[in-house]
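This report concerns only the one structure given below.
Every read-out reported here was derived from the displayed coordinates using simple, explicitly stated rules and does not represent laboratory data. For clarity, every value in this text was computed on a predicted model and none was experimentally measured. Cβ placement follows ideal geometry from the backbone for every residue including glycine, while neighbour counts extend to all protein chains displayed.
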Amino acid sequence: MLRLRDLAARVVDGGGRRGLRRPRRWGRPGALGLVLAAVPVTQLALLLLGGVLADRFGPRRIMLLGDALRCIAQAALAWSVLTGHAALWVFLGAAAVRGLGESLFNPGLGSLVVHVVPGERRGDANVLLGFAQSAARVVGPAAAGALIAVGGPGLVLAVDAATYLGSVLALALLHAEPKPGQQASLLGSLAEGWSAFASRPWLVASTVQFVCINFLVWGPFLVLGPTLAHQQPGGARAWGLIMSAYGVGALLGGLAALGRRPTRPLVVATLATVGYGAPCALFALGAPTPLLAAGATLAGVGSTVSAALTDTTTQRLTPVGVLARVRTFQTFGAFSLGPAALALAGPAAAALGARPVLACGAAVAAASAAAVLLVPSVRAVDGRDDDRP
């Protein structure tokens, strides 16, 4: 049920963001930036709290609250657009509420998988979650465009709200509630989660690697890629083809990972991350669009394989009582520099050139993977071993 909700919500989410561009009465270009920033800023600010609450009260309860908030936020946006009251403060408030919902929902997802899926099937469950997200990236733009053509952006937002309501109902029907955790203080709970995170060198190494990837590889790619793709034959459509190829690659990666349990899962996951550098390297070399699409496909394959194997290993080797907090520290660390990457990629390209910046990104992808493989515990984790260090 969770997989279907995630797929449905992500399918229309792109259309919801497109709907944000419609109101023109806000009066200044920076207004849209404020709205788009409100969700990730709120999510990042409250993410650690979401992990504490999920471990203390159980992931299902907190995820229910998170989806209820997201449903309310999207319903408010739909109402404001459909009735012609699309004021800036409505969009800002709804975006902040949605960010709060994200911070409550996401930390508990990995923990909920542990409670509802048997150990030997968790790998496939994580693959299917990633598969649904990847399918939404491929189908989403077309579905959102069709909905906008039929009823405008208000309809897209209304459908988005309905998918969150469906998730609330699905979660309410689940009967996998763990016993409440110990009632430690907020700071004590965070300290316990940090200790569990920091005591696993393989997890710390993977998180640091994704700090580097998001800041120096994928962030610059997302900012500079469209500009360079516009110089290709076909212009802006070249970038659409490249990103569609990334989504297809993620689907292929899910199919390849389904049913497989490698002996050294973290070694395979780390090697798969090298794919993130493939489209950067090809852009740096001035490759034509078909080769760029092939590189993006490789990146998509690597993203799904890496995420599924790392998530499954984290679930298997982390006590369930601290799992949401551990995943929260992992997510917070990996994405904390993402906004800075998006902001600094343009100035860096202006100073050094877009292609050299992306060449640096490709080198960082390879070098960071090599560095992670030097960590003994990364090589030592056995995919067939159920011990929890």
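Residue exposure proxy: 63, 243, ordered by other Cβ atoms within 10 angstrom of their Cβ from fewest to most, comes out as 243, 63.
Legend: ranking of residues 373, 46, 147 from fewest to most surrounding C-beta atoms inside 10 Å; resulting order 373, 46, 147.
About its Cα centre, the dipole of the chain is roughly 560 debye, where the only charges are +1 on Lys and Arg Cβ and -1 on Asp and Glu Cβ. Counted by neighbouring Cβ atoms within 10 Å, the residues 213, 242 run from fewest to most as 213, 242.
Computed from phi, the 3J(HN,Hα) profile of the range 253-262 under the Karplus parametrisation 6.51, -1.76, 1.60 (θ = phi - 60°) reads x, x, 5, 5, 7, 4, x, 10, 9, x Hz, with x in place of Gly and Pro.
If you take the beta carbon distance between residue 116 and residue 208 as r and set R0 to 35 Å, what does 1/(1 + (r/R0)^6) give as a FRET efficiency, to the nearest 0.05?
My answer for the efficiency is 0.70.
Dipole magnitude for the range 282-389: about 160 debye, using +1 per Lys or Arg Cβ and -1 per Asp or Glu Cβ, origin at the Cα centre. Placing +1 on the Cβ of every Lys and Arg and -1 on the Cβ of every Asp and Glu, with no other charges, gives the range 200-380 a dipole of roughly 440 debye about its Cα centre.
The relative contact order of the chain, computed from alpha carbon pairs under 8 Å that lie at least 6 residues apart in sequence, is 24 percent. From its DSSP helices (H runs of at least four residues, each -39,500 (n - 2.57)), the chain gives a residue-normalised ellipticity at 222 nm of -26500 deg cm²/dmol. Mean separation of Cα pairs under 8 Å and 6+ residues apart, divided by the residue count of the range 200-380: what relative contact order is that in percent? Reported as a whole number, the value is 41 percent. In the chain, taking the dipole from charged Cβ atoms about the Cα centre, the farthest positive-side position among 97, 370, 231 is held by 231. Our coupling estimate for the range 289-305, obtained by passing each phi through the Karplus curve with A = 6.51, B = -1.76, C = 1.60 and θ = phi - 60°, is 4, x, 5, 4, 5, 5, x, 5, 4, 4, 4, x, 4, x, 5, 5, 4 Hz, Gly and Pro reported as x. Relative contact order of the range 206-286, taken over Cα pairs closer than 8 Å and 6 or more residues apart, is 35 percent.
Along the charge dipole of the range 217-330, pointing to its positive end and built from +1/-1 on Cβ of Lys, Arg, Asp and Glu, which listed residue (221, 250, 269) has its Cα farthest out? It is 269, whose Cα lies furthest towards the positive end. Classify the chain as rounded, prolate or oblate from the Cα gyration tensor: take a ≥ b ≥ c as the square roots of its eigenvalues, call it rounded if a/c is under 1.5, otherwise prolate when a/b beats b/c and oblate if not. Judged from the Cα gyration tensor, the chain comes out oblate (a/c at least 1.5, b/c at or above a/b).
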